[in-house]
Amino acid sequence: MTEGTDKAKAILPGATVGILGGGQLGRMLANAGSAMGYRFVALDPTPDSPMGQVADQIVAAYDDRDAARELAARSDVITYEFENVDADVAAMLMSESYVPQGSELLYTTQHRLREKRAIEAAGVRVAPYSEIRSSQELREAVERFGTPCVLKTATGGYDGKGQWVIRDLSETDEAFETLSRAGTQLVLEQFIDFAMEISVIAARSSNGEIKAFPPAENIHVENILHLSIVPARLADSVLCEAERLAVRLAEGLGVVGLIAVEMFVTRDGELYVNELAPRPHNSGHYTMEACRTSQFEQHIRAVCGLPLGDTGLLTPVVMVNVLGQHVEPLLERLAVKDEAAERLDVAPKMHLYGKKDAVYKRKMGHVNVLAPTTEAALDWINETKIWKV
């Protein structure tokens with residue numbers, strides 16, 4: 001039996017859910033779970049964290065074992081809202097409390113090389129890659145893969161950090177020297193000439209039930225997710241295959257809770273898995289209003305051993321991220337009648353995360369634009385001029 005399912009039990013509403021991490025994902029988990037009747041407590045080092053504004057919070061470092069034990073004492077079940085939680089602490093909590101997700105998947109997805117090997121072991125394709133231990137190895141791998149290709153740190157890095165796109169052999173020494181400073185292993189990935197990036201959020205409960213949400217078409221700007229478009233503009237056969245692969249990974253990796261599977265789609269419809277995230281995901285925020293069950297409610301259901309909810313899409317939707325530079329124009333627009341929304345028959349639903357300062361390029365919230373078509377939602381986003389700032 002896979003890790004995390006050997007002690008499967010139903011945790012019913014009224015119980016307390018402990019969350020390692022107090023960011024926006026924890027906040028939205030708490031909002032969804034509170035509506036179901038659960039209580040929440042977070043462990044996060046930032047005072048007045050986004051989740052701490054809507055639930056109890058233990059202010060302490062993630063590797064503080066005394067604080068982790070306090071979290072365990074106050075919780076009936078523990079989950080995590082981002083994968084950079086200290087895996088040793090998660091493993092310790094398994095012996096002292098109920099952590100249905102376990103620590104094995106967390107350990108795997110915290111490291112790109114371990115993650116890629118695990119994906120391959122589950123029978124799913126990833127882009128060709130090579131572990132890099134020296135500048136010479138990097139040069140040889142670049143010659144083998146061709147340019148462009150991407151050098152990445154095996155741990156850490158997000159929103160484009162910890163990466164170097166190599167476009168010429170002359171860059172290899174500098175790229176290796178720069179990323180080696182992170183003090184972790186490096187991996188080179190062959191560039192996939194993809195037509196689209198998509199992601200599928202799948203859920204697997206502690207009882208083994210699995211359901212996937214509709215794939216989202218993702219558009220990034222400067223390596224930060226900008227838009228998630230649902231339904232993704234792909235053939236039904238490709239969308240079905242993407243869901244099948246996500247379900248296969250959820251089952252093969254023994255996931256409990258959510259797994260976000262990011263994929264490249266080539267021009268001939270082939271799929272390559274790029275990355276995994278064992279938690280709620282930015283590209284799944286569209287589910288909050290557009291699906292019968294949100295990813296956040298689904299995660300709570302999964303880790304608490306409840307039957308999973310219906311993942312059906314209720315309406316076309318485009319999720320657009322709100323970065324620091326977008327907050328002020330968005331709030332100004334909120335205060336006046338939205339004639340464009342009425343004309344296009346769209347319903348923008350705003351979510352702000354309660355972060356203290358609106359920092360440039362930092363995710364501060366998102367808007368789910370519900371619409372009769374994704375084209376209408378995109379028209380509204382373009383007309384607002386908010387995302388031109």
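Here SER206 passes the criteria (1) buried (at least 18 other Cβ atoms within 10 Å of the Cβ); (2) in contact with a strand residue (DSSP E or B) (Cβ under 7 Å, 6 or more places away or on another chain) except the one numbered (2). Output the number of the condition that GLY312 fails; it satisfies all remaining conditions of (1) closer than 30 Å to ALA15 by Cβ; (2) surrounded by 17 or more Cβ atoms within 10 Å (Cβ to Cβ). Against the list (1) closer than 30 Å to ALA15 by Cβ; (2) surrounded by 17 or more Cβ atoms within 10 Å (Cβ to Cβ), GLY312 comes up short only on (2).
Between ALA90, ALA73, the distinction of being small (Gly, Ala, Ser) and either open to solvent by 60 Å² or more (accessible area, probe 1.4 Å) or out of contact with any strand residue (DSSP E or B) (no Cβ under 8 Å at 6 or more places or on another chain) (or both) belongs to ALA73 only.
Name the pairs: first residue in segment 370-385 and in a loop (DSSP other than H, G, I, E, B), second residue among the small types (Gly, Ala, Ser) and open to solvent by less than 10 Å² (accessible area, probe 1.4 Å), Cβ to Cβ under 7 Å, at least 6 apart or on different chains? Hits for this filter: ALA371/ALA377.
Considering (1) open to solvent by 40 Å² or more (accessible area, probe 1.4 Å); (2) modelled with pLDDT of 95 or more; (3) of a type in the set (S, T, N, Q), the lone condition that GLN163 does not fulfil carries the number (2). The residues of segment 314-345 that are among the hydrophobic types (A, V, I, L, M, F, W, C), within 14 Å of ASN382 (Cβ to Cβ) and without any contact (Cβ under 8 Å) to a residue 40 or more places away in the chain, listed by number, are ALA341, LEU344. Against the numbered list (1) outside any loop (DSSP other than H, G, I, E, B); (2) of a type in the set (Gly, Ala, Ser); (3) under 27 Å from GLN163 (Cα atoms), ALA340 comes up short only at (3). Set side by side, the residues TYR353, TYR360 differ, and just one is closer than 21 Å to GLN24 by Cβ, of a type in the set (Ser, Thr, Tyr) and at pLDDT 95 or above, which is TYR353.
Selection of first residues in segment 120-145 that are closer than 22 Å to VAL247 by Cα and of second residues that are β-branched (Val, Ile, Thr), restricted to Cβ pairs under 6 Å at least 6 apart or on distinct chains, gives the following pairs, ordered by first then second residue: VAL124/VAL273; VAL126/ILE119; VAL126/VAL273; ALA127/ILE192. Among the residues of segment 12-38, the one identified as in a strand (DSSP E or B), open to solvent by less than 30 Å² (accessible area, probe 1.4 Å) and under 17 Å from LEU308 (Cβ atoms) is VAL17.
Looking only at segment 293-305, decide whether some residue is over 22 Å from the mean Cα position of the chain (by Cα), at pLDDT 95 or above and open to solvent by 30 Å² or more (accessible area, probe 1.4 Å). Scanning segment 293-305, I find no residue that is over 22 Å from the mean Cα position of the chain (by Cα), at pLDDT 95 or above and open to solvent by 30 Å² or more (accessible area, probe 1.4 Å), so the answer is no. Under the condition of being part of a loop (DSSP other than H, G, I, E, B), within 20 Å of the chain's Cα centre (by Cα) and either buried (at least 20 other Cβ atoms within 10 Å of the Cβ) or not small (Gly, Ala, Ser) (or both), the residues counted in segment 346-357 number 2.
Considering segment 265-278, the residues that are assigned to a strand (DSSP E or B) and either closer than 18 Å to LEU113 by Cα or of a type in the set (Asp, Glu) (or both) include one that is farthest from the chain's Cα centre (by Cα), namely TYR272. So in segment 358-389, with the set limited to residues that are within 23 Å of the chain's Cα centre (by Cα) and basic (Lys, Arg), which one is most open to solvent (accessible area, probe 1.4 Å)? The residue in question is ARG362. In segment 204-223, which residues are touching a helix residue (DSSP H, G or I) at 6+ places or on another chain (Cβ under 9 Å) and either part of a strand (DSSP E or B) or of a type in the set (Lys, Arg) (or both)? Answer for segment 204-223, where residues must be touching a helix residue (DSSP H, G or I) at 6+ places or on another chain (Cβ under 9 Å) and either part of a strand (DSSP E or B) or of a type in the set (Lys, Arg) (or both): ARG204, ILE210, LYS211, ALA212, ALA216, GLU217, ASN218, VAL221. Any idea how many residues of segment 154-189 are touching a helix residue (DSSP H, G or I) at 6+ places or on another chain (Cβ under 8 Å), in a loop (DSSP other than H, G, I, E, B) and either hydroxyl-bearing (Ser, Thr, Tyr) or under 27 Å from ALA216 (Cβ atoms) (or both)? Adding up the residues that qualify gives 3. Checked against the criterion of being in a loop (DSSP other than H, G, I, E, B) and in contact (Cβ under 8 Å) with a residue 24 or more places away in the chain, the candidates ARG301, ARG248, ARG233 yield just one match: ARG233. Counting the residues of segment 74-111 that are aliphatic (A, V, I, L, M), over 11 Å from LEU20 (Cβ atoms) and at pLDDT below 95 gives 4.
Suppose we filter ILE192, ILE201 for residues that are assigned to a loop (DSSP other than H, G, I, E, B) and either acidic (Asp, Glu) or touching a Phe, Trp or Tyr at 6+ places or on another chain (Cβ under 9 Å) (or both); which single one remains?
Numbers: ILE201 fails: assigned to a loop (DSSP other than H, G, I, E, B).
ILE192 is the lone residue from the list that is assigned to a loop (DSSP other than H, G, I, E, B) and either acidic (Asp, Glu) or touching a Phe, Trp or Tyr at 6+ places or on another chain (Cβ under 9 Å) (or both).
The values are calculated or read from the model by the stated rules, or taken from the named source; none is laboratory data. Just so we're clear, the structure is a prediction, and the values are computed from it rather than from any experiment. Don't worry about glycine lacking a Cβ; one is built from the backbone with ideal geometry, like all the others, and counts go over all protein chains shown. To get the accessible areas, we keep the full protein, side chains included, count just its heavy atoms, and leave off ligands, DNA and RNA. Shrake-Rupley method; radii C 1.70, N 1.55, O 1.52, S 1.80 Å.
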